[in-house]
Amino acid sequence: MTVSISLPLAHQTSAAAALYLQVQLAINTHDGQLIFTTLSNAEPTLMPALLRQLTLQERVLTWTFLSKVSPELAANLLDHYSNTEMVQLASALPDNCVNTLFPYLRSSDRRILLNDLPNKQQTKLQQAMPSTWKAAEEASLTYQAYTAAGICKNEVVKLSQHATVSQLSQFLHDDEQHYEYQEWRYVFLHDPDGRYLGGLKLKDVFNLPPDSLLQDYLDASLPVIKPDSDLQALRSQLNNTPHPVLPVVDSRGLQLGVVGFKQLNEALYRQSKQQLLEQSGVFGGDEFRTMPTLKRNIRRLAFLLPSVVLSYAAVSIIAQFESTIAQFALLAAILPLVANLSGAAGNQAVAISIRELAVGTISSKDWLYVLAKEIPIGMVNGVLIGAVLALLSYFTYGEEQLALPLLVAMAYMISSTLAVLIGGALPLLLAKLKLDPAMLSSPLLTTLTDAISFLSVLTLASMILL
């Protein structure tokens, strides 16, 4: 198969463009060794731009050929792609290629593939999984993504309860066990049924006699983490122990892996990035312009179409005051001003509530506490900004309509106060209903603040100006 050459991106250097042409040459000649040599010798700074420029067809061919020569390098290069792009690529690769790459992936990446690939591919991967991983991997998949089990690292050194120092030494020298992502700092012991017994630091073993039993030196200070612990509980436990990683053990005594600050910080970053995307109306994970256009359209429409309905409902309020607007055309300029500023105030409260829910400072039951804290903020800011708007309205329109500045100030004070109350409480209500606050708060708040702003301005106009 011959792949057509596409133009390099405008911001690429000549070195990056030359590297891209070398990769295309290797793809067109089906030369896996040349792909390996080109990518392994390339400047690391050029790699992200190069891999992102490859089309999906070029990516499939690159990873198909490279996995036959160096599956470890092929797995490592997947780190340059987002989770969405990695799943898209794995879905398009031949099954034997994915099976070859699977043992070399990080445990977090393996879980993503086992969760997001089509069912047929998931089944084949589970069948190809090494027996030493299978129980822990399958158990991890039963827990939520942002829990200790959902983020833990499965590649740990596990030995039987009767293992000796010499057996550990043999294990460490076994080439089959030398995966790049292995957790080498600790050794964990298990009974014949696979139940966790304890662990000890690898560095504490080196000076022991070769025939010493490892179980005699287990570290009693090493705590275990429950697999369903959320990120905040996990952070608390890690902060209160001198150990860099902790074992994750379920109620059956099965060790699912280990978790430390590295896994915790990566999970917190992914969670905050996901929330930011959802607040911006981008659902389904990362979006890149290399993705299929239809898929990008559908994902964006999932946010835009409900927003159309909600916005139309808010705007319909204006139709009820058609005669008022006909008499005072200046209201057409006031309505979006009050609505936009009120929405901004409400979004501030939404952001604080979502953040506090994420870090565990508040729960869905604390709505009275949130309202009590937001009322003074909304009222004070409403009065201050309302006064500023009144002055601006007076200098702009005061000579034509002296009551207009008072109307603007009162309308903003009312709508702003209600906006921060709704913005503060809405994420808690959505969390209580088991809905995603980050995904739904923004469109719902926009509709409600628009409706309140329009209603307050037009009602006050009917009372004051008529």
Alpha-carbon Rg with Dmax, taken over region 146-259, Å: 14.0, 42
Principal semi-axes in Å for the chain [√(5λ), Cα gyration tensor, largest first]: 55, 32, 17
Between 0 and 90°, nearest 10: helix 107-116 axis offset from the chain longest Cα axis: 60
Given 11 as the ceiling on other Cβ atoms within 10 Å, longest exposed-site-free region of the chain for GluC sites (Glu not before Pro) in DSSP loops: 181-398
For region 146-259: relative contact order, % (alpha-carbon pairs under 8 angstrom, 6 or more apart): 35
Local electrostatic count at SER221 - Lys and Arg +1, Asp and Glu -1, tallied over other residues with Cβ under 14 Å: -1
HIS162 versus ARG195: modelled label distance in nm, points set 7 Å from Cα along the beta carbon direction: 1.8
For the chain: relative contact order, % (alpha-carbon pairs under 8 angstrom, 6 or more apart): 11
Listed residue pairs exceeding 27 Å between alpha carbons, taken from LYS226/LYS434; LYS120/LYS432; LYS158/LYS203; LYS153/LYS201: LYS120/LYS432
Folded to 0 to 90 degrees: helix 331-359 orientation relative to the chain principal axis, Cα: 30
Cleavage-rule hits, trypsin sites (Lys or Arg not before Pro), region 329-375, DSSP coil, Cβ neighbours within 10 Å at most 15: LYS365
Charge dipole magnitude, Cβ of K and R +1, D and E -1 - the chain, Cα centre, debye nearest 20: 480
Relative contact order (percent, whole number), region 1-129, Cα cutoff 8 Å, 6+ residue spacing: 20
Neighbour net charge for GLY199 - beta-carbon separation under 12 angstrom, K R +1, D E -1: 0
9 Å beta-carbon shell around VAL245, net charge (K/R +1, D/E -1): +2
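Where a number appears in this text, it was derived from the coordinates with a stated rule and is not lab data. In this text the structure is predicted, and so the values were computed from the model without any measurement. As a convention, Cβ positions derive from the backbone with ideal geometry for all residues, glycine included, and neighbour counts pool all protein chains shown.
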